[in-house]
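A.B. asks: Would you mind keeping the following structure in view while I ask a few things?
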Amino acid sequence: MVDTRADVFGGVRKLLVGGDVVSPGHVRKAQEANPELQLINGYGPTENTTFTCCYLIPPWDGETRIPIGRPIANTQVYVLDGEMQPVPVGLAGELYIGGDGLAHGYWNRPELTAEKFIIHPQWNKRLYGTGDMVRWQPDGDLEYLGRIDDQVKIRGYRIELGEIESVISGHPLVLHTVCIAKEFIPGDKRLIAFFSTIQFEQLPDEELREWVKGKLPTHMVPSYFICVGGFQLLPNGKLNRNELEERSKDLKITLDTPYRAPESPLEIIIHRLWAEILGFDSMGVNDNFFHLGGHSLLVVRLMSKCAEEFQLEIPIQVLVENPTIEGMAKTIADIQCYGVANVTESVKDFDLREEVYLEPEIIPKVIMDECITDGQAALLTGATGFLGAHLLQELLLETSLKVYA
């Protein structure tokens, strides 16, 4: 309604909104058209008699995520980890609800009731597990992060899609954002951000990408930004995510330049290798690898294929400095003729270590060699995971121990 008739609330003093995540862009639009209107974000599942928390939304100040606030009277909320223990302020956990409004269960569905309505093993309290990821803010309000089943794993990182959506929605021209993850080729899942703009303002994809890169780690920046006129809703008013999944199947990649097909034998071979790595073949010879969904892990994979195809040692900088098929073809031709490539020793805009990101909460406060005061050897088990790689690196670089893994 705000999209078409923002002034329709002219005679309304207070308006409760709920049922889905509140869009900061819509809040801004409604408040600008109705300065006297008090918006209230009402959160709560039906299992707790509709409302659980409320938040009085202040005048828009660039906030990228609207909190769900604090519990209403006679309602208790808990943010718990997988062991059913409370998590500290600022860390994500699942929201559990208790209190007078809690339902007895689902009618004639005892298995589902037993799954969702539990008795806390230590507190002996009856709670409902919402499946929503939230975190406490320092001021005591709850911040909604998304559904637990909206978590995705991208290049080894667990990512909350809602966190990315909130950052993109914080752009002054963005009205609403939805992120999904799509597997283009087996083992390579990429993020797609669909967004609409306020009053259909023009917002180039690359401008939005650069804005997001300044606010999120590299692995959380979507590979594709797609501007849409609007989002399809279900009869209950919630977003139709299945429609976006269907739309992503026919994703047309926005190309940087007018299309030019590969012509030379080198360009044809490199085009084929790009298609194998990226999962589509619609790119022209002047399109940028990184604007087509390429990232550092795909760079390594592509250069390995190139080295095997051409039987040459090809530096990664070849692609980083010449991220087009035409540029790569010229540089590889130079290597074939002269044995060397004209590339710089360091590339400021590209660093494989950008893929290695630790949450601030788990960064060690002390150096490894300050913890280990004696010993000759270390046995590191379970080092195949992401954290194990960090531990192994620290042990090798910061200590003189002989490491067995």
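A.B. asks: If the requirement is being among the hydrophobic types (A, V, I, L, M, F, W, C), modelled with pLDDT of 80 or more, crowded, with 20+ Cβ neighbours inside 10 Å and not in a helix (DSSP H, G or I), which of these qualifies: 328, 283?
C.D. replies: Going through 328, 283 in turn, just one is among the hydrophobic types (A, V, I, L, M, F, W, C), modelled with pLDDT of 80 or more, crowded, with 20+ Cβ neighbours inside 10 Å and not in a helix (DSSP H, G or I): 283.
A.B. asks: Just to be sure, is residue 134 within 24 Å of residue 245 (Cα to Cα) and surrounded by 15 or more Cβ atoms within 10 Å (Cβ to Cβ)?
C.D. replies: Taking the combined requirement at face value, the residue does not satisfy it.
A.B. asks: Tally time: how many residues in the range 258-280 are within 20 Å of residue 193 (Cα to Cα) and either part of a helix (DSSP H, G or I) or more than 29 Å from the chain's Cα centre (by Cα) (or both)?
C.D. replies: Residues flagged as within 20 Å of residue 193 (Cα to Cα) and either part of a helix (DSSP H, G or I) or more than 29 Å from the chain's Cα centre (by Cα) (or both) within the range 258-280 amount to 1.
A.B. asks: Check 285, 299 and return the single one that is within 24 Å of residue 219 (Cα to Cα) and of a type in the set (Val, Ile, Thr).
C.D. replies: Unique residue meeting the criteria: 299.
A.B. asks: Of the conditions (1) of a type in the set (Ser, Thr, Tyr); (2) without any contact (Cβ under 8 Å) to a residue 40 or more places away in the chain; (3) closer than 22 Å to residue 146 by Cβ, residue 106 satisfies every one except a single condition; which number is it?
C.D. replies: So the condition that residue 106 fails would be (3).
A.B. asks: Residue 311 fails exactly one of the following numbered conditions: (1) in contact with a Pro (Cβ under 7 Å, 6 or more places away or on another chain); (2) loosely packed, with under 14 Cβ neighbours inside 10 Å. What is the number of that condition?
C.D. replies: Condition (1) is where residue 311 drops out.
A.B. asks: Under 7 Å by Cβ, and 6 or more places apart or on different chains, what pairs join a residue from the range 62-84 that is on the phi < 0 side of the Ramachandran plot and crowded, with 18+ Cβ neighbours inside 10 Å with one that is polar (S, T, N, Q) and in a strand (DSSP E or B)?
C.D. replies: Within 7 Å, the pairs are 66/41; 68/41.
The values are calculated or read from the model by the stated rules, or taken from the named source; none is laboratory data. The structure displayed is predicted, hence computed values, not measured ones. Neighbour counts run over all protein chains shown; Cβ positions are idealised from the backbone, glycine included.
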